[in-house]
1. How do the peptides 49-58, 95-104 rank, highest first, by the average count of neighbouring beta carbon atoms within 10 Å per residue?
2. Modelling each spin label as a point 7 Å along the Cα-to-Cβ direction, I'd like the ASP75/PHE133 distance in nm, to one decimal.
3. For LYS77, give me every one of the aspartates and glutamates with a C-alpha distance below 19 angstrom, ignoring sequence neighbours fewer than eight places off in its own chain.
Amino acid sequence: MPLTLRVPAFTQPGKPREFMNEVVVPFLERNLEYLIYELEQITPEGVTGNLRGGYTSEIRGYSSNENFRGIITNDIKYIKYVDEGTAPHWAPIENLRGWAELKGINPYALQAHIAVHGTKPQHIFDQVRANAFPAIMVDWQRTIGALWQKYKR
């Protein structure tokens, strides 16, 4: 369920690798930071705060002609269930107790509700894609477009 931001590799003559390292990498770093900020703003707050704080980013593609890409992941195992929701199931009460108490809800009532209705999907990644990617495209056009002129000769 990672969120990926891809930038095409420029390997043709006149499009040096320096362009990628000097321009594309800072672009990816800046926008990965922006995306993580946006994800943290809309990620539901749990008892531990682990879910909001679990996002990490990585840039790949330094060592080959493959596309540069920035990847954001969250290694908290239940992010998938928060993002996509769940079908009705009997959730262990231990997993619900802290969150239910934080929200002032009876954990057994919450357990029964999930057993009948499942959990509602939050669509965290889809919301960020829809809201943040237009701004990233504007940043791409400004940053990369202007500097491309310097390197295309």
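What follows is calculated from the coordinates using simple rules that are stated; it is not laboratory data. Predicted, not measured: the structure shown is a model, and the values here were computed from it. When we count neighbours, we look across all protein chains shown, and the Cβ atoms used for this are built from the backbone with ideal geometry, even at glycine.
1. Working: 49-58: 15.4, 95-104: 13.3.
So the peptides 49-58, 95-104, ranked by packing, come out 49-58, 95-104.
2. Taking the two extended label points, one gets 2.7 nm.
3. By straight Cα distance, LYS77 reaches GLU40, GLU45, GLU58, GLU94, ASP126.
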